[in-house]
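Below is one structure; the comments refer to it alone.
The values are calculated or read from the model by the stated rules, or taken from the named source; none is laboratory data. All figures in this text were calculated on a predicted structure; none of them were measured in a lab. Don't worry about glycine lacking a Cβ; one is built from the backbone with ideal geometry, like all the others, and counts go over all protein chains shown. Only protein heavy atoms, including side chains, enter the accessible area calculation; ligands, DNA and RNA are left aside. Shrake-Rupley method; radii C 1.70, N 1.55, O 1.52, S 1.80 Å.
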Amino acid sequence: MGGRTVHGTKGWARRLLPALAVVVLAAGCRKDRGEDFAVEPVRPAPALEAPRASGGVFRLSEQRGKVVVLSFGYTACPDVCPTTLSQLQRLHSRLGEAARDVEVVFVSVDPERDSAQQLETYVHAFNPRFTGLRLDAEALAPMLSAWRVTATRRYPDAARYREHTFTGDMPYTVDHTGAFFLVDKAGALRARMPYTVSVERLQQEVERLLKEDGAAGVRVEKARARLTPARVGAVYLTLVNTSGREDRLIGAESATAGKVELHEVIAQGELLQMHPRPEGFVVPAKGRVDLAPGGKHLMLYAVQASPASLPLTLHFEKAGTVHLTVPVSAPGADEP
């Protein structure tokens with residue numbers, strides 16, 4: 001009996017060790033990935049406009065030049081939300097004078113129970129400079145969806161509490177996303193960090209964003225379009241990146257054209273090849289890129305009529321959306 005038991009145990013161990021190795025390896029991989037909380041590709045943060053608990057309206061679009069640290073929760077939360085706000089208070093203290101360029105925002109996911117006064121009192125108990133936001137249920141749902149935040153009510157087990165008579169509304173908790181959302185000075189969502197992250201790691205990310213040049217923007221110069229009788233054409237322009245971060249033109253559209261694509265002409269001797277560039281055109285930090293005949297350009301398809309100018313919308317990874325009106329050159333006209 002004893003021999004069989006030992007043999008069985010050894011066999012079980014031999015079978016278990018490879019499995020443990022996989023688990024340990026997987027855990028190691030998760031740890032490595034867990035150190036990187038960046039949101040990629042970098043794009044403008046979802047819109048956020050909501051009444052402040054203290055009065056007035058908060059608009060994320062008006063926070064340019066500041067780093068915004070955003071979290072979601074509710075005042076009746078017994079554990080995660082106090083932990084989150086305590087972590088943010090420690091961050092605020094550790095930043096010192098740099099905290100003046102950081103906006104800490106707490107959005108209620110329980111507007112039915114969180115009155116404006118209750119939310120303001122709750123948030124300001126951690127730090128009077130923190131901002132509490134309260135949207136009504138109708139406005140809250142699409143905003144949470146845009147930020148990919150979950151908030152679901154959890155009611156007590158009716159069978160467990162069948163002997164208990166509730167005198168008021170049925171109590172509930174809210175299962176919700178516990179995370180810090182970091183928005184940079186240019187309004188781009190740069191990181192999504194779990195609420196369990198250390199304050200040192202959170203501080204590291206916030207200070208990195210504070211050091212960045214927040215004047216993110218791309219200026220468009222010398223824009224012009226050239227059309228052909230075949231209802232196709234091209235747009236040429238110069239992109240000037242005024243920020244300290246590399247940006248990328250990732251798309252374009254026009255109400256006057258059926259489709260706009262990013263293209264580049266590549267010359268191989270006398271052979272000219274037209275290459276689509278769906279990956280976009282990189283605009284270096286504090287640099288420029290020219291879209292010119294025989295090189296990079298925007299290709300226009302199915303252009304309507306013969307317009308004297310056409311509306312054009314450019315989409316950038318960091319600078320967001322740029323709208324402009326482009327003059328159109330007639331076929332055979334001299335280049336401006």
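Using a 1.4 Å probe, what is the accessible area per residue for segment 205-279, in Å²?
51
At a Förster distance of 51 Å, what's the computed FRET efficiency of R129 paired with E264, Cβ-Cβ distance as r, to 0.05? Intermediate values should be presented prior to the final figure.
On the way: r = 49 Å, r/R0 = 0.96.
Between R129 and E264 the formula returns 0.55.
Could you pull the Cα extents of segment 232-336 along its three principal axes, largest to smallest, in whole Å?
In descending order, the Cα extents are 39, 36, 25 Å.
Please list K318, K296 in order of solvent-accessible area, largest first, computed with a 1.4 Å probe with all protein chains present. Provide the component values of the computation, followed by the final result.
Values: K318 35, K296 60 Å².
Correct descending sequence by accessible area is K296, K318.
Could you report the accessible area of E112 in Å², rounded to 10, computed with a 1.4 Å probe on the protein chains as they sit in the structure?
Approximately 140 Å² of E112 is accessible to the 1.4 Å probe.
For segment 266-306, what is Rg from Cα atoms divided by 2.2 N^0.38 Å, rounded to two decimals?
1.48
Modelled label-to-label distance, S309 and Y155, 7 Å Cα→beta-carbon offset: nm?
5.9
Out of all DSSP beta bridges in segment 61-208, what portion is antiparallel? Express it as a percent rounded to 5. Mind dumping the intermediate values first?
On the way: 12 of 22 bridges.
If we restrict to bridges inside segment 61-208, about 55 percent are antiparallel.
Quick check: pseudo-label points 7 Å beyond the Cα along Cα→Cβ at A146 and E221, how many nm apart are they?
About 3.4 nm separates the two model spin labels.
Give me the extension gain from S86 to R52: residue separation times 0.36 nm, minus the current Cα-Cα distance, reported in nm with one decimal.
Between S86 and R52, full extension yields an extra 10.2 nm.
Please list K66, K185 from largest to smallest accessible area, probe radius 1.4 Å, with all protein chains kept in place.
Accessible-area ranking of K66, K185, largest first: K66, K185.
Take E138 and T238, extend 7 Å from each Cα along the Cα→Cβ direction, and tell me the distance between the two endpoints in nm.
It is 5.0 nm.
Given R₀ = 22 Å, what would the calculated FRET efficiency be for V199 paired with T173, taking r from the Cβ atoms and rounding to 0.05? Spell out each step's value before the answer.
On the way: r = 25 Å, r/R0 = 1.16.
That gives a FRET efficiency of 0.30.
Could you give the length gained on full extension between R59 and M274, defined as 0.36 nm per residue of separation minus the Cα-Cα distance, in nm?
73.1 nm
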